[in-house]
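First the structure, in the form of structure tokens, and then the observations on it.
The values are calculated or read from the model by the stated rules, or taken from the named source; none is laboratory data. Note that the coordinates shown come from a computational prediction; the quantities given were computed from them, not determined experimentally. Note that we place each Cβ from the backbone using ideal geometry, even for glycine, and neighbour counts take in every protein chain shown. Heads up: the accessible areas ignore ligands, DNA and RNA and are worked out on the full protein's heavy atoms, side chains in. Shrake-Rupley method; radii C 1.70, N 1.55, O 1.52, S 1.80 Å.
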Amino acid sequence: MFSILILAEENDKTRELKTRLSREGYACTLIPPGEEPEKILAQQNPRLVVLDVGLEGDIPTLDYSNDGKGPTVIAVAFRHRMHELASRDDITDFVLKPFDVDELLTRIRRLAARAKATPPSDIITAGDLIIDTARCEVSLAGAAVELTFREYELLKFLASNRGRVFSREVLLNKVWGYEYFGGDRTVDVHVRRLRSKIEESGQIYVETVRNIGYRFKRNI
């Protein structure tokens, strides 16, 4: 799994960076550094970190692993802090502030290619929504989403077939199984509950197709 953590304050540029990386298939999270960036890194366990370096203050140590192999790090910093970055073995590359999103994206892609990393097949991304099918975990804008087993299976099936419309009967067969004898209203109930958990921000993921069924939105 190749995951990217943007350790920076949320603004227009960092949001754009996160959105574009997610669209390319990477598991990307944007989190403000706060007072314990090392703790955030240990929890997220990213392969690559985009680190926003402030005007002053300590630059956190990003080698948190037991084997001495931390994530690949790109620091985004003002010119007057370059001398501090030069002596850091845990920082691979840097970009000067104010940074250009296209330049930073190019550097990230090159580092990913160097690591022979490709967007993993067990990660499904749609905007801020990330479905990790290997771990059976779902997150939205970096926060874990608690789903029931059936809600998760329904979301995974729809997201794996983005844009395709499925009737309630087909969803019952694919998600609940051929031995399930409940009515198709069960699908409506689960879709409603699923939407309440992943569409709080107003972003539509699961669309209703009138008189047919449901589909996962194609363009997100």
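Computed values, structure above
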{"read-out": "Set Asn211, Asn173, Asn219: member being at positive phi, open to solvent by 30 Å² or more (accessible area, probe 1.4 Å) and without any contact (Cβ under 8 Å) to a residue 12 or more places away in the chain", "value": "Asn211"}
{"read-out": "Among the residues listed as Arg168, Arg185, Arg192, Arg210, the single one being basic (Lys, Arg) and either closer than 23 Å to Asp122 by Cα or under 27 Å from the mean Cα position of the chain (by Cα) (or both)", "value": "Arg192"}
{"read-out": "Residue list for segment 157-168, filter: surrounded by fewer than 18 Cβ atoms within 10 Å (Cβ to Cβ) and touching a residue at least 24 places away in the same chain (Cβ under 8 Å)", "value": "Ser160, Asn161, Arg162, Gly163, Arg164, Val165, Ser167, Arg168"}
{"read-out": "Enumerated helices (runs of 4 or more DSSP H) restricted to segment 75-180, each holding at least 2 residues that are acidic (Asp, Glu)", "value": "101-114, 149-160"}
{"read-out": "Cβ pairs under 9 Å, 6+ apart, first in segment 81-95 and under 17 Å from Arg107 (Cβ atoms), second open to solvent by 60 Å² or more (accessible area, probe 1.4 Å) and of a type in the set (Ser, Thr, Tyr)", "value": "Arg88/Thr61; Asp90/Thr61"}
{"read-out": "Some residue of segment 133-142 being at pLDDT below 90, open to solvent by less than 20 Å² (accessible area, probe 1.4 Å), out of contact with any Leu (no Cβ under 7 Å at 6 or more places or on another chain) and not acidic (Asp, Glu)", "value": "no"}
